[in-house]
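None of the figures in this text is laboratory data; all of them are computed from the coordinates on show. Remember, it's a predicted structure, so these values are computed and weren't measured experimentally. Every residue, glycine as well, gets a Cβ built from its backbone with ideal geometry; the counts of neighbours run over all protein chains shown.
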């Protein structure tokens, strides 16, 4: 009896040892699997960020590559630069305009695609098309649409709708920001619509049925049921798209190159101008670091709102 118990104890003691070894083996295998991805992220994201932060404390000669330590002088120049604050103001206008139009139109399109309409599957696939088009192609198409002479936009306004007797200069200083916002809306509307639609698919139908029994109107059902349900996804999309839009370069620079008269020179376009036209790499790096801090603060505000929206559903 003692021998059997001892054997059992021995076997029972050996099993956890083998299991622990197996777990250690799994952990090692998992680390080895993700190690290449981590190394790539460090190479293409972390290391350039460290170099940019370090460069912001130097004056760098772009010809000789000589570096002179200047401390916080680059940051002081950024905060005292009227050009930077003008670019920052335009970035806020651009980001607010792009996010507002994309959010409203994206939610509206998602609500339409959520309805039981004929050919809904085909329309859902077709909606994704603008997001797949490269930015340069989208800009070239919209430059033709907004052309003063052969553009379809002016033809609709003048000859079809009769809203104006002369063509609108879509790339004039007074109109160019609106034109860029419209281009961005066309390209990124599918991104919003598909994510909001995915959230709508999880909305329990019983909630709307109960609201209809209680006599709720269509607006009341949207205001008190649909909107709170999709709000967490909307806030996450706002966080991601605001970061991307604030840092976006191609959709702002390609239509007019930062002009005319600097009216589309946002902070990323301003960084390019300082770095490659003025050759002041240290100053450009300082601008990038200041923008990083601003975006980080804005992101924290968004996530605070997101947590409140999540708690309201519980």
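At a threshold of 8 angstrom on Cα-Cα distance, excluding pairs fewer than six apart, so keeping six or more, what relative contact order does the range 131-180 reach in percent?
Details: 35 pairs, mean separation 11.5, N = 50.
Computed value for the range 131-180: 23 percent relative contact order.
Taking the fewest neighbouring Cβ atoms within 10 Å as the starting point, the ordered list for 308, 199, 118 is 118, 308, 199. Listing 283, 162 from fewest to most neighbouring C-beta atoms within 10 Å gives 162, 283. Springs join every pair of Cα atoms under 10 Å in this Gaussian network model of the chain, and among 61, 74, 247 the largest mean-square fluctuation is at 61. When percent of Cα pairs over 30 Å apart is calculated directly from the model, which label among (i) 42; (ii) 55; (iii) 48 fits? This structure yields the entry labelled (ii). Each part reduced to its alpha carbon centroid, the range 116-160 and the range 215-246 end up 25 Å apart. Mean-square fluctuations from a GNM of the chain, with a 10 angstrom spring cutoff on Cα atoms, peak among 205, 62, 100 at 205. Over the chain, with a Gaussian network built from C-alpha contacts below 10 Å, which listed residue (257, 151, 106) shows the highest mean-square fluctuation? Greatest mean-square fluctuation among the candidates belongs to 151.
Per-residue ellipticity at 222 nm from helix content only, as computed over the chain with -39500 (n - 2.57) for each DSSP H run of at least four residues, stands at -23000 deg cm²/dmol.
Principal axis extents of the C-alpha atoms in the range 114-190 (largest first, rounded to whole Å): 42, 28, 19.
With a ≥ b ≥ c the root eigenvalues of the C-alpha gyration tensor of the range 25-95, is it rounded (a/c under 1.5), prolate (a/b larger than b/c) or oblate?
Numbers: a/c = 3.70, a/b = 1.81, b/c = 2.05.
Verdict is oblate for the range 25-95.
Ranked by Cβ crowding within 10 angstrom, fewest neighbours first, how are 175, 170 ordered? The partial results should precede the final answer.
Values: 175 14, 170 23.
By the 10 Å Cβ count, ascending, the order reads 175, 170.
Eigen-decomposition of the gyration tensor built on the alpha-carbon atoms of the range 145-197 gives equivalent ellipsoid semi-axes of 26, 13, 8 angstrom, largest listed first.
How many percent of the alpha carbon pairs in the range 222-314 exceed a separation of 15 Å? The proportion of pairs with Cα distances above 15 Å equals 68 percent.
When only Cα pairs below 8 angstrom with a gap of at least 6 residues are kept, the chain shows a relative contact order of 27 percent.
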